[in-house]
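The values are calculated or read from the model by the stated rules, or taken from the named source; none is laboratory data. As the structure is a prediction and not an experimental result, all values here were calculated from the model. Ideal geometry is used to build each Cβ from the backbone, glycine not excepted, and the neighbour counts take in all protein chains shown.
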Amino acid sequence: MGKATLKVTLKKSGIGYPKKQKKTLLGLGLKKLNTTKVLKDTPAIRGMIKSVSHLVEVEKGQ
């Protein structure tokens, strides 16, 4: 059994949003628009995604 992953894509810029949300995007590894990162599906990552859900698009990995 493989580990579950999430495919996270930055769809909207963090400009004009609170500094905490910008730091969350950096923590997820998202710096430029339309960049995609494949991350492990953990509660910490899910919480980070939830706080910036209006800026990112999430797909299930494997």
Out of 42, 24, 5, report the one residue that is free of Cβ contacts under 8 Å to residues at least 60 places away in the same chain and touching a strand residue (DSSP E or B) at 6+ places or on another chain (Cβ under 7 Å).
-> 5
Do the conditions hold for residue 32, that is, is it surrounded by 11 or more Cβ atoms within 10 Å (Cβ to Cβ) and modelled with pLDDT of 95 or more?
-> no
